[in-house]
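Heads up: the structure comes next, in C-alpha cells.
Rule-based calculations on the coordinates, nothing more; no lab input. The model shown is predicted, which means the values in this text are computed figures rather than measured ones. Every residue, glycine among them, receives a Cβ derived from its backbone with ideal geometry; neighbour counts consider all protein chains shown.
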Amino acid sequence: MGADKAFIEVGGRKLISSALAALAEASQRLIVGGSDPRLESAAAAADAQHVADRWPGEGPLGAVATALGFSRHPVTVILPCDLPAIDAEDVAVLVQAVVEAPPSTAVVAAVFTDQRRHYLPLAIDSQAVALAEHLFQSGRRAVASLLDEATVVDVPASPTAVADIDSPEDLSSGH
C-alpha cells in the first residue's frame, strides 16, 4: 500500500484505533506490536503497551511469537490492524473457543468463512509461545505453519468481519 496500514483512515478512524477498540472491550491487557515509531503513541493513547517486533520484516509468525512472549494471560488474541469491521463480539467469540477447547498447549481459534480458514485474526493459548518460536527459528514465517502444528478450532464468522484492506482498491470498495 506504500504506507503503514495502521495509520490509514477508514470511516474517519485510523485502522489501529479500530483494532484497539475491538480488543479493549474484550481484553484485560493490550499489546501493540510493530516497528513503526508512531505505534508507541497509538498504544499510549489506548492505554496499551507497545512492543517492538523481535524480528521486523521477517513475516507474521515472528510477530505472533513476539506477542505471545509478552502475553501474561492464558489466551492471546492476535488481531491485525487492517480489519475495520471486526468488533469486540468477534474477539470474544474467538477467546471463548480457546477457553472451551480440549486442553492442549497449542489451541488456536481461527475465523472460518465460506469454506476458508483465515489465519488472522486468531486467539491462541499463550503456552504456544515455545511452539511459535521453535517454528520461527526453524525458518518458517507463515502463521499457517503454526496452525499446522496446533489444535485448531474453526469459529464461523461473517466475511465482513475479516474483510481486510490490502490495496487502495480495497479502500474504495467500501471496506
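Cβ under 15 Å from Ala128's Cβ, Ala128 left aside: what net charge do those residues give with Lys, Arg +1 and Asp, Glu -1? Please report the intermediate quantities before stating the final value.
Values: positive: Arg72, Arg140; negative: Asp125, Glu133, Asp148, Glu149.
That sum, taken over residues with Cβ under 15 Å, equals -2.
About its Cα centre, how strong a charge dipole does the chain have in debye, to the nearest 20, once Lys and Arg get +1 and Asp and Glu get -1 at the Cβ? Intermediate results must be reported in sequence, preceding the final value.
Values: 11 positive and 23 negative charges, 72 e Å.
For this selection, approximately 340 debye.
When a/c is below 1.5 the answer is rounded, else prolate if a/b is larger than b/c, else oblate, so apply that to the chain with a ≥ b ≥ c taken from the square roots of the Cα gyration tensor eigenvalues.
On the way: a/c = 1.44, a/b = 1.23, b/c = 1.16.
Taking the square roots of the gyration eigenvalues as a ≥ b ≥ c, the chain is rounded.
Enter the Cα centre distance for the pair segment 143-168 and segment 42-71, rounded to the nearest angstrom.
So the two Cα centres are separated by 18 Å.
Tell me the net charge near Thr66. Cut-off is 12 Å between Cβ atoms, Thr66 excluded, with +1 for each Lys or Arg and -1 for each Asp or Glu. Kindly include the intermediate steps, with their values, before the conclusion.
Numbers: positive: Arg54; negative: Asp53, Glu58, Glu133.
Neighbour charge sum, excluding Thr66 itself: -2.
By what distance, in whole Å, do the Cα atoms of segment 44-143 stretch along each of the three principal axes, largest value first?
So the extents along the principal axes, rounded to whole Å, are 36, 31, 28.
Given springs between every Cα pair under 10 Å in a Gaussian network model of the chain, which of Gly62, Gly33, Gly139 has the largest fluctuation?
Gly139
Tally Lys and Arg at +1 and Asp and Glu at -1 over the other residues with C-beta under 15 Å from the C-beta of Asp166: what net charge comes out? Let's see the in-between values first.
On the way: positive: Lys5; negative: Asp4, Asp82, Asp164, Glu169, Asp170.
In short, -4.
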